[in-house]
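One structure below.
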Amino acid sequence: QLVLQFLGESVLLALLGLLLGMVLVELLLPVYANFLERDLVFSYTDGFSLSVLLGLVVVVGVLGGVYPALVLSAFKPARVLKANKSAESKGSATMRNVLVVFQFTVSIALIVATATVYGQMRYATSMDPGFEKEQLLALSGAGRPGAAEKQEVLLQRLRAIPGVTSVSATSEVPFSSNESNTTIRLPENPEAGSILIGVVQMDYDFLDTLKVPLVAGRNYSRDFALDSFPDRSTLKDGDKAYANVILNEAAVRRMGLGTAQEALGREFAMSLGEGENGAEGFFTVVGVVADMHLQSLKRLIRPELYLLSSKPLANVMVRFSGDPRAAAGDVESLWTSLFPDVPVDYEFVDEVAAKEFSQERDIATMLGTFSALAVIIACLGLYGLASFTAERRTKEIGIRRVLGAKVSNIVGLLLWQFSKPVLLANLVAWPIAVWGMLAWLESFPYRIDAWLLAPLCLLAGTIALSISWLTVGGNAARVARRSPVEALRYE
C-alpha cells in the first residue's frame with residue numbers, strides 16, 4: 001500500500017507537469033516557430049503522440065517515485081520511532097548529493113557551451129574579411145540576357161547616382177557560394193605539376209570599389225594593353241594569349257613564388273580550351289593584393305588570380321555613402337528603368353556577412369535558454385535540499401548558537417556544505433565541456449584560441465557557485481537567526 005501510494009503521488013505530479021507543459025507549449029510554440037522560421041504544429045489527436053505523452057508520464061512518475069517508495073516502505077517502525085535515531089540512511093544522503101552534482105554538471109556545461117558559441121560568433125563576425133564590407137551593395141543578375149548588353153550603360157548611370165562613390169563589375173560577389181577554379185603550371189618549375197587556383201574576373205575598378213590594398217606591384221590600368229585578357233570565345237585551338245595578372249598572397253604562397261615583391265614579373269601558364277591542342281594563356285604577375293574572403297568566412301582563404309575581363313560580367317558592386325536604404329532605392333529605380341523585364345536582385349554585403357553565422361546565433365540563443373532552464377531546475381533542487389537539511393539540523397544549529405557560534409559562522413558552515421557538490425560538478429563538467437567545444441570549433445578554419453575555454457570554465461563555475469550561494473544563503477541565514485530556545489525547549 002505504501003509503495004502504491006508513493007508511486008501514485010509521483011505519477012500524479014508527473015501528470016500535472018504534463019498538463020502545465022502542454023500549456024507552455026501552446027504559449028511558446030509560435031515564438032519558437034518564428035525563431036526557427038518554420039511552421040511547427042503539435043497534434044494532440046494523433047495516436048502516436050498521445051501514447052508518447054502518456055508513456056512519458058508513466059516513466060517519469062515511476063522513476064521519480066520508485067526510490068522513495070521502496071526506501072520509505074522498508075523502514076522499521078521501531079528504528080524510526082526510537083529516540084535520538086535518524087531515519088535517514090547514508091545511501092539517501094549520497095543519492096541527494098549525486099543528483100545535485102548531476103544537475104549542476106549539466107548547468108555548468110551548458111553555460112560553457114553558450115559562452116563558447118557566442119564568443120566564436122563574435123570573433124567570426126568581427127573578423128576582417130580583407131575588404132570594407134560596410135556601405136557596399138552587391139547587385140546580381142547584370143549578366144542575364146537583356147541586361148548584359150547594356151552593362152556599360154548601367155555602370156555609367158550608377159556612377160551618376162548621388163552618394164555612389166565607386167562601381168565595379170565582377171564575376172563573384174563577396175560571401176557567395178559560387179566559385180570558379182582552374183589549374184595552372186609554372187614553366188620555370190615543371191616539377192610542381194598542376195596547381196589548383198581560384199579565378200575571379202573583374203574590371204578596372206574592382207579593387208578600388210572593395211578597397212582591397214595592394215601589397216606589391218600595381219593595379220590594372222587602361223595604359224597597358226596586356227592588362228585586359230581577351231575573351232576566350234575568340235580564341236582558336238593552338239592560339240596563344242598573353243596578359244598581365246594580379247594574384248592574392250595565398251596564391252603567391254601556393255605557387256611558391258617567394259615574397260609578394262619577388263612574385264612580380266614571374267610567369268605561369270593556363271590552358272584556355274579543351275584537348276591537347278587547345279588555346280593556351282601565358283600570364284605575367286604585375287600586382288599582389290592582400291588576402292580577402294570572397295567566399296564564406298567559414299572557409300580558408302583560397303589562392304586566387306584576378307583577371308581583367310573584356311566581356312560583361314554577372315555582378316555589379318556599388319560603393320556608396322550616406323543612407324543605405326536611399327542608395328538601394330536609387331539603384332532599384334535605375335535598374336527597373338533600364339531593364340523592366342529583368343527582376344532586380346541586390347544585397348548589402350555587411351548583411352550577407354552577418355547571415356553567414358545566423359545558425360551559430362540561433363544555437364547560442366537556444367543554448368542560453370536551456371542553460372537558464374537548467375540553472376533554475378538545479379537551484380530549485382538545491383533550495384529544497386537546503387531547506388530539508390536546515391530543518392534536520394535545527395537542534396545542532398541551536399546548540400552551536402548556545403555555545404557561542406555567530407550567525408555568520410552558521411551560514412558559512414551551511415554554504416560550505418552545499419558548495420562541495422557544486423565544486424565537484426565543476427570538476428566533472430569542465431573536461432566534458434572543453435572536449436565538446438573543441439570538437440565543435442574544429443569545424444571553423446578561423447576560431448577563438450583554445451586557451452580561452454579555461455577562463456570560460458572558471459566563469460561558468462563562478463556563476464554556478466554564486467547562484468548556489470544565493471539559493472542557500474537566504475535559507476541558511478533565516479535558520480541561523482532563529483532563537484536556540486525554539487529548537488531546544490523540549491530537550
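The values are calculated or read from the model by the stated rules, or taken from the named source; none is laboratory data. Everything quoted here is computed from the prediction, not taken from an experiment. All Cβ positions, glycine included, derive from the backbone under ideal geometry; neighbour counts span all protein chains shown. SASA here: full protein model, heavy atoms, side chains in, ligands and nucleic acids out. Shrake-Rupley method; radii C 1.70, N 1.55, O 1.52, S 1.80 Å.
Summary table below
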{"item": "Residue among 62, 241, 1 farthest towards the positive dipole end of the chain, charges placed on Cβ", "result": "1"}
{"item": "Per residue value of the accessible surface for the chain (all protein chains in place, 1.4 Å probe), Å²", "result": "54"}
{"item": "Ranked by how many other beta carbons lie within 10 Å on average, peptides 201-207, 97-103 from highest", "result": "201-207, 97-103"}
{"item": "Length added when fully stretched, residue 188-residue 409, from 0.36 nm per residue minus Cα-Cα", "result": "71.4 nm"}
{"item": "The range 167-267: C-alpha gyration tensor shape, a/c 1.5 cut-off, then a/b vs b/c", "result": "rounded"}
{"item": "Contour minus Cα-Cα distance for residue 388 and residue 438 (0.36 nm per residue)", "result": "14.0 nm"}
{"item": "Per-residue ³J(HN,Hα) for the range 128-137, Karplus 6.51 cos²θ - 1.76 cosθ + 1.60, θ = phi - 60°, Hz, x for Gly and Pro", "result": "6, x, x, 8, 8, 7, 6, 6, 9, 10"}
{"item": "Inter-centroid distance (Cα atoms) of the range 240-316 relative to the range 147-174, Å", "result": "23"}
{"item": "Violating pairs (Cα-Cα greater than 32 angstrom) within the set 211/236; 240/298; 150/211; 133/311; 240/355", "result": "211/236; 240/298; 240/355"}
{"item": "Solvent-accessible area, 1.4 Å probe, carbon plus sulfur percent, for the range 96-149", "result": "62"}
{"item": "Nearest-0.05 FRET efficiency for residue 355 and residue 152, computed from C-beta distance (R0 22 Å)", "result": "0.10"}
{"item": "Neighbourhood net charge (15 Å Cβ-Cβ; Lys/Arg +1, Asp/Glu -1) for residue 181", "result": "+1"}
{"item": "Approximate spin-label separation residue 224-residue 208, in nm, with each point projected 7 Å along Cα-to-Cβ", "result": "1.6"}
{"item": "Residue-averaged [θ]222 nm for the chain, counting only DSSP H segments that reach four residues, each worth -39500 (n - 2.57)", "result": "-18000 deg cm²/dmol"}
{"item": "More than 18 angstrom apart: percent of Cα pairs within the range 410-491", "result": "58"}
{"item": "The chain: DSSP helices with Cα axial extent of at least 30 Å and average Kyte-Doolittle hydropathy no lower than 0.0", "result": "2-36, 47-73, 90-125, 358-392, 407-441, 453-480"}
{"item": "Gain in span if fully extended, residue 345 to residue 66, counting 0.36 nm per residue against the direct Cα distance", "result": "94.2 nm"}
{"item": "Point-charge dipole on Cβ atoms (K/R +1, D/E -1) for the range 206-311, about Cα centre, debye to 20", "result": "400"}
{"item": "Dipole magnitude (debye, nearest 20) for the chain, charges at Cβ of Lys, Arg, Asp, Glu", "result": "4120"}
{"item": "Local electrostatic count, residue 171, Cβ distance below 12 Å [Lys/Arg +1, Asp/Glu -1]", "result": "-3"}
{"item": "Highest-first arrangement of 283-289, 463-469, 169-175, where packing means the average Cβ count within 10 Å", "result": "169-175, 283-289, 463-469"}
{"item": "Residue 52 paired with residue 338, simple spin-label distance in nm, labels 7 Å along Cα-to-beta-carbon", "result": "5.3"}
{"item": "The chain, relative contact order in percent, only Cα pairs under 8 angstrom and at least six apart counted", "result": "22"}
{"item": "Positive dipole terminus of the range 381-423, leading residue within 417, 386, 398 (C-beta point charges)", "result": "398"}
